[in-house]
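Working notes, beginning with the structure itself.
The values are calculated or read from the model by the stated rules, or taken from the named source; none is laboratory data. Note that the structure is predicted; figures quoted are calculated from it, not measured. All Cβ positions, even for glycine, are placed from backbone atoms using ideal geometry, and neighbour counts span all protein chains on display.
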Amino acid sequence: MKYFLVGGAVRDRLLGRPSGDRDWVVVGATPENMGALGYLPVGKDFPVFLHPQTKEEYALARTERKSGHGYHGFTVHASPEVTLEEDLARRDLTINAMAEGEAGQVIDPYGGQQDLQARVLRHVSPAFAEDPVRILRLARFAARFHDFSVAPETMQLMRHMVDAGEVDHLVAERVWQELARGLMEALPSRMFEVLRACGALARLLPEVDRLWGVPQRADYHPEVDTGVHLMMVLDMSARLQGSLAVRFACLGHDLGKGTTPADILPRHLGHEGRSVQLLKDVNERLRVPIDCRELAEVVAREHGNIHRSNEFDAAAVLRLLERCDAFRKPQRFREVLLACECDARGRLGMDDTPYPQAARLSLALDLALAVPTADIAAAAQQKGLKGEGIGQAIAQSRIDALVHGGF
């Protein structure tokens with residue numbers, strides 16, 4: 001039995017980057033051998049074990065053969081006869097197909113170190129085409145290693161995969177998982193750049209893909225192109241360290257601009273409502289988590305009003321807070337404001353422009369939350385008010401607080 005550190009841990013050490021989990025491959029072993037040494041079996045589709053002390057994952061060396069469509073369409077063969085080189089050959093990219101021996105030596109049968117030095121993302125073998133998830137993974141790595149290019153032959157292979165319909169067999173959970181991870185990388189626009197270049201974006205997120213080439217008013221959007229603007233917004237969300245929910249909201253905030261009638265371009269009247277409807281389709285199709293979908297829908301519906309909110313008086317500000325459900329979910333409202341700031345600053349030449357709307361509306365929420373609603377409700381009840389009357393009394397007190405606070 002021989003143990004080898006594999007994959008991302010080897011790649012990141014060679015790049016001088018911090019690494020997360022460490023994965024191991026065991027050559028020359030059987031499941032019985034691993035059990036006898038105290039390793040705990042956890043793999044459902046192939047033999048994977050947890051180390052009895054470190055709890056790191058140790059997988060038996062294996063090969064895979066295509067047997068159907070999609071992520072699960074594989075027959076796995078694991079046995080003591082499978083070599084390390086055979087195990088590494090089934091991996092997606094050369095930079096992920098390296099191993100490290102017990103003495104620290106790098107085992108690199110497919111040129112991973114050379115591609116690291118050349119800053120290239122390249123597939124290991126034609127077997128890359130057997131798993132459409134690899135397109136998403138490569139796009140995600142492009143967002144992480146944003147100074148890496150995609151090898152031309154790898155891009156061509158991905159285009160062939162898309163044309164063959166492989167992407168259409170991806171299950172929603174895996175698409176969302178990879179998109180979510182890519183959104184959290186340093187330059188998320190690169191993920192969408194790669195997906196768009198190979199044609200996968202049009203299959204997976206046609207609502208996003210159709211935004212390129214759609215013009216906007218140049219006086220407000222010097223970058224003009226809606227798709228270019230969206231990518232700038234996404235990268236601003238990463239720069240401002242937004243949560244996944246914030247970044248997804250940025251992705252979906254302008255979807256309605258892709259369906260603006262041609263006769264009113266470059267204006268996009270009513271795009272907010274269209275964005276909300278398109279987001280609902282995306283959310284259902286990809287089974288987006290509740291926190292992400294709710295935040296995205298609020299941002300899509302209200303971002304224009306939030307941008308204009310410096311012109312609102314106290315009553316209009318209160319109505320905006322109520323529509324955003326800010327009193328029940330104040331932390332979510334602050335994330336709404338961050339997504340709107342990303343939208344405002346995600347424009348050509350505007351990346352360092354202040355966004356005073358966020359501070360003003362945060363102050364408004366604090367002032368309104370400080371109103372003693374229980375006392376006001378009790379006083380209103382003593383006057384014989386009920387239901388809507390009590391609500392109106394509370395609203396008026398909040399408006400008074402905002403006026404007193406300078407609104």
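Of all the residues in segment 20-48, those that are assigned to a loop (DSSP other than H, G, I, E, B), under 31 Å from the mean Cα position of the chain (by Cα) and surrounded by 14 or more Cβ atoms within 10 Å (Cβ to Cβ) number 3.
For segment 90-114, the candidate set comprises residues that are under 16 Å from L138 (Cα atoms) and among the aliphatic types (A, V, I, L, M); within that set, the residue that is farthest from the chain's Cα centre (by Cα) is A97.
Within segment 143-162, the only residue that satisfies the criterion of being assigned to a loop (DSSP other than H, G, I, E, B) and under 20 Å from R90 (Cβ atoms) is A151.
Cβ separations smaller than 6 Å between residues 6+ apart or across chains give no pair from segment 31-56 residues that are not assigned by TED's automatic domain parsing to the domain that holds S79 to residues that are outside any loop (DSSP other than H, G, I, E, B) and modelled with pLDDT under 90. Mind listing whichever residues of segment 116-142 are among the hydrophobic types (A, V, I, L, M, F, W, C), crowded, with 23+ Cβ neighbours inside 10 Å and assigned to a helix (DSSP H, G or I)? Answer for segment 116-142, where residues must be among the hydrophobic types (A, V, I, L, M, F, W, C), crowded, with 23+ Cβ neighbours inside 10 Å and assigned to a helix (DSSP H, G or I): I135, L136, L138, A139, F141, A142. Looking across segment 338-385 at every residue that is closer than 24 Å to S397 by Cα and in contact with a Leu (Cβ under 7 Å, 6 or more places away or on another chain), the one that is surrounded by the fewest Cβ atoms within 10 Å (Cβ to Cβ) is identified as S362. Just need a number here: residues in segment 54-99 that are of a type outside the set (A, V, I, L, M, F, W, C), assigned to a loop (DSSP other than H, G, I, E, B), crowded, with 19+ Cβ neighbours inside 10 Å and modelled with pLDDT of 90 or more. Residues that pass the stated criteria total 2. Mind checking which residues of segment 376-407 are modelled with pLDDT under 90 and acidic (D, E)? Listed by number, the list holds a single entry, E388.
Just to check your reading of the model, which residue among V224, V233 is part of a helix (DSSP H, G or I) and aliphatic (A, V, I, L, M)? Exactly one of V224, V233 is part of a helix (DSSP H, G or I) and aliphatic (A, V, I, L, M), namely V233. Restricting attention to segment 352-375, the residues being in a helix (DSSP H, G or I) and hydroxyl-bearing (S, T, Y) number 2. Given the condition in contact with a His (Cβ under 7 Å, 6 or more places away or on another chain), outside the structural domain of V25 (by TED's automatic domain parsing), at pLDDT below 95 and in a helix (DSSP H, G or I), answer yes or no: does some residue in segment 163-186 qualify? Checked segment 163-186: at least one residue is in contact with a His (Cβ under 7 Å, 6 or more places away or on another chain), outside the structural domain of V25 (by TED's automatic domain parsing), at pLDDT below 95 and in a helix (DSSP H, G or I).
Does R293 fit the bill of being at negative phi and modelled with pLDDT under 95? Considered against the rule, which asks whether it is at negative phi and modelled with pLDDT under 95, R293 comes out as no. Taken as a whole, the structure leaves A378 outside the set of residues that are aliphatic (A, V, I, L, M), closer than 30 Å to F248 by Cβ and without any contact (Cβ under 8 Å) to a residue 24 or more places away in the chain.
Would you say E130 is farther than 23 Å from E284 by Cα and modelled with pLDDT of 95 or more? No; evaluated as a whole, the condition is false for this residue. Of all the residues in segment 202-217, those that are modelled with pLDDT of 95 or more and either touching a strand residue (DSSP E or B) at 6+ places or on another chain (Cβ under 6 Å) or not in a helix (DSSP H, G or I) (or both) number 8. In this structure, is A143 under 23 Å from the mean Cα position of the chain (by Cα) and among the small types (G, A, S)? Yes: the conditions hold for A143. Comparison of L295, L251, L279, L318 shows that the only residue that is more than 30 Å from R174 (Cβ to Cβ) and surrounded by 20 or more Cβ atoms within 10 Å (Cβ to Cβ) is L318. Can you spot a residue in segment 316-324 that is farther than 24 Å from Q396 by Cβ, out of contact with any Cys (no Cβ under 7 Å at 6 or more places or on another chain) and not hydroxyl-bearing (S, T, Y)? Within segment 316-324 (the criterion being farther than 24 Å from Q396 by Cβ, out of contact with any Cys (no Cβ under 7 Å at 6 or more places or on another chain) and not hydroxyl-bearing (S, T, Y)), the answer is no, since none of the residues qualifies.
Residue count for segment 187-201, restricted to those that are more than 10 Å from the chain's Cα centre (by Cα), at negative phi and assigned to a loop (DSSP other than H, G, I, E, B): 1.
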